[in-house]
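J.: There's a structure below that I have some questions on.
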Amino acid sequence: MYLILMPLEKLCATKDIPVNGVKKFNIRNYDIAVFNVEDEFYAIDRKCTHMKGNLAKGKVEGTSVKCPLHGAEFNLKTGELLIHPGTIAGWFKKAKNTTVYKTKVKNNELYVDLPQVVVD
Ligand code: FES
């Protein structure tokens, strides 16, 4: 039997990620990037689904982020792949949607829900 828990993990104070800022975290083998877009926090897998480009260094426009390696774009709210990689590298390997994680703000502290699987 598997039990999937979603414990909140404390990340940092909200002021540590200013508006238009990004910060990366590695918690329990989850490598995530957290973006502050107009005081809304979005957490996604830091590595691009195409060839592991660092999305924490990607360009943010509205609520999407563009991978710095080959230009794939992802929706920060849903993880949906919006634009496929634009170079020849995109012909050889396809990108796919990425994973997003819920964030919560409580007492000026930022938390994220990371799945945890418990085997009984
Ligand atoms: S690694 Fe992100 S688009 Fe290629």
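The values are calculated or read from the model by the stated rules, or taken from the named source; none is laboratory data. Remember, it's a predicted structure, so these values are computed and weren't measured experimentally. Because the Cβ atoms are built from the backbone with ideal geometry, glycine has one as well, and the counts that use them run over all protein chains shown.
J.: Gly79 - would you say it is more than 9 Å from the ligand (Cβ to nearest atom) and either touching a residue at least 24 places away in the same chain (Cβ under 8 Å) or of a type outside the set (Gly, Ala, Ser) (or both)? Full working, then the answer.
T.: Working: more than 9 Å from the ligand (Cβ to nearest atom): yes; either touching a residue at least 24 places away in the same chain (Cβ under 8 Å) or of a type outside the set (Gly, Ala, Ser) (or both): yes.
Judged against the criteria, Gly79 is a match.
J.: So which residues in segment 10-29 are out of contact with any helix residue (DSSP H, G or I) (no Cβ under 9 Å at 6 or more places or on another chain), modelled with pLDDT of 95 or more and outside any helix (DSSP H, G or I)? Break it down into steps so the answer makes sense when it comes.
T.: So in segment 10-29, the residues out of contact with any helix residue (DSSP H, G or I) (no Cβ under 9 Å at 6 or more places or on another chain) come out as 10-21, 25-29.
This time we only want the ones that are modelled with pLDDT of 95 or more, so: 10-21, 25-26.
Scanning segment 10-29 gives Lys10, Leu11, Cys12, Ala13, Ile17, Pro18, Val19, Asn20, Gly21, Phe25, Asn26.
One line per residue, one yes/no per condition, for (1) at negative phi; (2) modelled with pLDDT of 95 or more; (3) part of a loop (DSSP other than H, G, I, E, B):
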position	(1), (2), (3)
Gly79	no, yes, yes
Leu82	yes, yes, no
Asn97	yes, yes, yes
Val105	yes, yes, no
Val112	yes, yes, no
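J.: Which one is surrounded by the fewest Cβ atoms within 10 Å (Cβ to Cβ), of the residues in segment 83-116 that are within 17 Å of Ile17 (Cβ to Cβ) and polar (S, T, N, Q)?
T.: Applying the filter and picking the extreme gives Asn107.
J.: A follow-up question, please. Give me a count of the residues in segment 37-53 that are touching a Leu at 6+ places or on another chain (Cβ under 8 Å) and surrounded by fewer than 20 Cβ atoms within 10 Å (Cβ to Cβ).
T.: Adding up the residues that qualify gives 4.
J.: Restricting to segment 44-74, give me the number of residues that are under 15 Å from Tyr30 (Cβ atoms), outside any loop (DSSP other than H, G, I, E, B) and more than 9 Å from the ligand (Cβ to nearest atom).
T.: Count: 3.
J.: Let me ask something additional. Kindly indicate whether Thr87 is part of a loop (DSSP other than H, G, I, E, B) and either at pLDDT 95 or above or of a type in the set (A, V, I, L, M) (or both).
T.: The answer is no for Thr87.
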